[in-house]
């Protein structure tokens, strides 16, 4: 297994970033990542120094995958996500769109949350399930270099909790080597990532990266052992819901032969959604593969 | 237990509708409801006769709850939802906002789906879990009479799958007797109710209705044995997400004493969402009560 | 000319409201209307008594138009809009969605603004052009009774400044007699009606009401001597823009024979928009009729 | 006057693009720009070769402004916009969000429209007013390199028709020299740029570029001789309306001393909006400066 130790951190997912590591398709890599605050906050009293670093969600990598070219896809099997320092950090930084309802009189408070016994300790009394996920992961676009703030077709700051251990994330490849970036790991996160700051942690992420040749995709996809999921992003959120489900339905048609209008109805009955940061409208539409298989079997 | 047999069907949730039944707070009622298509479709070949009935989601009731007045709330314990005719109906009627992605060449097809063995049979090969829910349920507003299409503060066509057996729905009371209407039951429904037609069924719904005096609420709430949920509606959907979570956070503060900005952070980590018909942007924000209790315990 | 003096005020646009006046198609009527605050505020120091009247936008009428039936349309020629009391009232009542940017520390202040010399005096130093418009006007739906808050296919609280002197508003008819309601006149209003309170005034409105038989329309339309306009409503606003333009394009095709895809392109070049209260996403899409005529002439 | 002849075309607004010209603040430059289709379509029968060039909206420049640094602003006086080849091109490429209403059966048709006699000839029978504007213009961000598709704080593909002759556009400066890019000129465009393709033309743009030191702005602003305008972008569009007006109000406060809540009310009465491509929700909020001055004068 290759290792990529913490090195230069990037705040863009850019074809201009030089590869930090080159791998063969099928290789497994252990990648050290920094937290969303660039590691400024490790203990009570620490604050984010936005003078020193005005950007968020630093990325490790990029990883150059031999043989990857535009029009291919990466299949990234997420094997393990470990808390590198045994802790996660969260806080409330602003009221966002809830100010209209909650007022603006924010009680700011940073929480350093130990990660242990398969829990993240929000307070000494409350341990919530450790449910780690990669918040920001993406491949470099052929044109344009997104910062690590917006999600998009290339992946990026999707904040979808299904980008997690045991699942496979599929990302489009746009440039030679794909140039995979990742970071911004969360120890836990709810639907909507309401205040914009989940359980942010420095992590060690173990991934096995496969290459799927000639597999153009418009947007990211995810597979768990049970489910297929399509990810769309952008506001208004109802249109992301529509687009994510449309991608899922076309994928069901393509892979299982289920006619799209049947898939459209089936998703109506058993589809589910997962919501990333609500402010940017990222949505995963999901369905259990067993239902798709059985539906397609009917002829 | 009182019984309300199928009678006059209403397509508005209106203070002008005369009570079909009067109950005391705390009474249990069994209510027969018709399906969203007013029962026009029972077997292969049947079609909806929109000439005869241009409206959808007929309501049984209204039920007059003795002593209920504006400023109170109803607590509706949903004890049982049974398929009255042993079947559910679904179909695809239009591409909606997915036409841009799937094309408009719709294969229309009505499915009569048997409900048996705790499953709804989408096809002979595919039984999906029977997960019944009340699609449309609401109390009559003091001013204005919504049809059974839009959801709102009064409830209405929320299509939230957590309005289900074992849960309690809280609705605001606006007029004397509350005038509870209900119908449009689904045997199953996914997040977003994508094609707008879930597993529509004629049902018998058993509810116990309690009255909570002097409990003004701005919008509906739900409790399951494990979770508290607030429901908001309206587009753009990201604003419904914000409002539903804001309602939930204020409820957590009110009932458990958890300061709102702590609740705001906690929902970020462990809140989840459930989505009604995506075209109207109904969203339930949810959290496990045990987390709220433990978080509040920290002082 | 018939006169309808100020009488019972309605806060719903409802088929249950008894006609206050019956007219023949083609008759001209002078209608007295009350302001959005039900006339509570006439001089400095007055406040709205929401205990006494919790609703806004009172309606005069309804006017019963002989011979009108579902499937027809009303053509309402707006001949004159006069300030009945020589003044308009405005204020800031909340930050709405701007609180996130402006803060919540609102300086409340009621402005009693004289209307004279073709101006509305926002302050002794600033007279803005008197540009009167009917904020809320609508026909009673066949099913459901909207309050005077939301706009919709029936018209209602559209707050579109082109509903003004010299223009003709077309509204669908749903019930016998149409039951036309109107009120909530503004002496002036900008795009978006940002703070939700325009220059609210008690008015005398002179309209000539024609009946167009068998003219089903899905939503309101407006004609000025120069322009044709279609009005759509609902969030997210981008979808109202799409729908308003689509209605306009289909109307151009229907009336001038301009093929829809040519109309679609033409609107791209010379279409304009007018925005009602931004919080509900009402949009008028407009085009000069001379362009449509000339474009259609090309064959 | 300096001249920048057509040279390398860029499809990103990027700090990695080498300056094509360096100017002193206050200098006037004549810049040749290419049309949105990279000049592939000049006569009937031409088509866009997306194999050769998959991107749209090519940019001329960048122009390096001596002395410009992050935290400054550029004041770009647009003196003249000329049709470089005497023609503009438009077409319908897809139904977009109108497909739901117009169907998907698009009649594709490219129009080569002569620009002469102060008109753009949509057809031999229909000349519409020549109202040229710069569709895409922006400064290079410090982090991230947007393509020429999305608008943003840096300007970019705003498609706001007030970026026109006689007006001044203010853009934030992020990097040394500002690196001003521009292109994608339209001979005319309506609100919403409905089909996404306006009257696209190759142009010669004459601008005088001033530097405003220490003038951090969050988003672009425009001044005409009569109006001040703030531009915001992003969906849902109602939030762009809110943000654009909020920017405008804060600018009115900053420059004229009009307290924000008074400005908020004033914009309600006399503010207007201009809409760029509706699919991305760009909105300019506008007000006449004379009103702001008079309102502020009241003390």
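Using a Gaussian network model of chain A with C-alpha springs under 10 Å, which one of A:117, A:210, A:247 is most mobile by mean-square fluctuation?
Largest GNM mean-square fluctuation: A:117.
Mind checking the angle between helix C:260-270 and chain C's longest principal axis? C-alpha axes, 0 to 90 degrees, to the nearest 10.
Its long axis makes an angle of about 40 degrees.
Taking other Cβ within 10 Å of each residue's Cβ, how do C:13, C:76, B:207 sort, fewest first?
B:207, C:76, C:13
Roughly how crowded by other chains is peptide A:88-96, in terms of the mean Cβ count from those chains within 10 Å of each of its Cβ atoms?
Going residue by residue through A:88-96 and averaging, the value is 3.
Calculate, in whole percent, how much of the Cα-Cα pair population of segment B:89-202 lies beyond 23 Å.
Roughly 40 percent, rounded to a whole number.
Could you give the distance between the Cα centres of segment C:6-56 and segment D:1-50, to the whole Å?
So the separation of the two Cα centres works out to 59 Å.
For a protection proxy built on the mean count of beta-carbon atoms within 10 angstrom, sort D:137-144, D:23-30 highest first, please.
D:137-144, D:23-30
What fraction of the DSSP beta bridges in segment B:1-148 is antiparallel, stated in percent and rounded to the nearest 5?
70
How many nm is it between the label spots at residue C:93 and residue D:79, if each spot is 7 Å from the Cα in line with the beta carbon?
Each label point is offset 7 Å from its Cα along the Cβ direction, giving 5.2 nm.
Cα convex hull of the protein assembly as shown: mean projected area in nm², to one decimal?
Mean projected area of the Cα convex hull: 44.4 nm².
For segment C:226-297, restrict the atom set to alpha-carbon positions and state the Rg and Dmax in Å.
Values for segment C:226-297 (Cα only, Rg and Dmax): 11.8, 40 Å.
Taking neighbour counts of Cβ atoms within 10 Å as a proxy for exposure, in what order, fewest first, do B:81, B:63, A:112 appear?
Details: B:81 24, B:63 27, A:112 16.
If I rank by nearby Cβ atoms, fewest first, I get A:112, B:81, B:63.
Under a crude label model (7 Å from the Cα following the beta-carbon direction), how far is residue A:51 from residue D:109 in nanometres?
6.4
Find the relative contact order for segment D:226-297 and round it to a whole percent, using C-alpha pairs within less than 8 Å whose residues are 6+ positions apart. Kindly include the intermediate steps, with their values, before the conclusion.
Working: 115 pairs, mean separation 32.1, N = 72.
Relative contact order of segment D:226-297: 45 percent.
Using a 10 Å cut-off around each Cβ of peptide D:143-151, what is the average number of partner chain Cβ atoms that fall inside?
That works out to 6 on average.
Would you look at the GNM of chain C, springs on alpha carbons closer than 10 Å, and say which of C:131, C:216, C:75 moves the most?
Of C:131, C:216, C:75, the Gaussian network model singles out C:216 as fluctuating most.
How big is Rg to Rh over chain B, alpha-carbon atoms, Rh as the Kirkwood inverse-mean-distance radius?
0.97
Starting from one equal scatterer on each C-alpha and no solvent at all, send me the Debye-based log10 I(q)/I(0) for segment D:1-83 at q = 0.19, 0.27 Å⁻¹, two decimals.
-0.96, -1.46
Could you give the C-alpha radius of gyration of segment D:169-299 expressed as a fraction of 2.2 N^0.38 Å, taking N as the number of residues it contains?
Compared with the compact-globule rule of thumb, segment D:169-299 sits at 1.13.
Taking only Cα atoms, what is the 0 to 90° angle, nearest 10, from helix B:237-256's long axis to the longest principal axis of chain B?
The angle comes out at about 40 degrees.
Given points 7 Å out from each Cα along the Cα-Cβ axis, report the residue C:218 to residue C:40 separation in nanometres with one decimal.
My value for the distance between the label points is 3.9 nm.
In what order do C:237, A:133, D:1 fall by count of nearby beta-carbon atoms within 10 Å, going from fewest to most?
D:1, A:133, C:237
GNM on chain A, C-alpha springs below 10 Å: top fluctuator among A:164, A:136, A:110?
Greatest mean-square fluctuation among the candidates belongs to A:110.
Only bridges whose two residues both fall in the protein assembly as shown count here: according to DSSP, what percent of them are antiparallel, nearest 5? If you can, show how the numbers build up before the last one.
Numbers: 271 of 295 bridges.
Roughly 90 percent of the beta bridges in the protein assembly as shown run antiparallel, per DSSP.
Using only the alpha carbons of segment A:1-155, what is the convex hull's orientation-averaged projected area in square nanometres?
11.7
Would you calculate the convex hull of the Cα atoms in segment A:146-238 and tell me its volume per residue in Å³? Walk me through the numbers on the way to the answer.
On the way: hull volume 12.2 nm³, N = 93.
Taking only Cα atoms, segment A:146-238 has a hull volume of 131 Å³ per residue.
Can you give the average number of partner chain beta-carbon atoms within 10 Å of each beta-carbon in peptide D:7-13, as a whole number?
The mean count of partner-chain Cβ atoms within 10 Å per residue comes to 1.
Just to confirm my numbers, what's the Cα centroid distance between segment C:67-95 and segment B:208-264 in Å?
Taking the Cα centre of segment B:208-264 as reference, the centre of segment C:67-95 is 38 Å away.
In percent, what relative contact order does chain B have, based on Cα pairs under 8 Å that are 6 or more apart in sequence?
23
We did not get these values from a lab; they are worked out from the coordinates using the rules stated. Only a predicted model underlies this, so the values are computations on that prediction, with no experimental measurement involved. Heads up, the Cβs are rebuilt from the backbone with ideal geometry, glycines too, and the neighbour counts pull from every protein chain shown.
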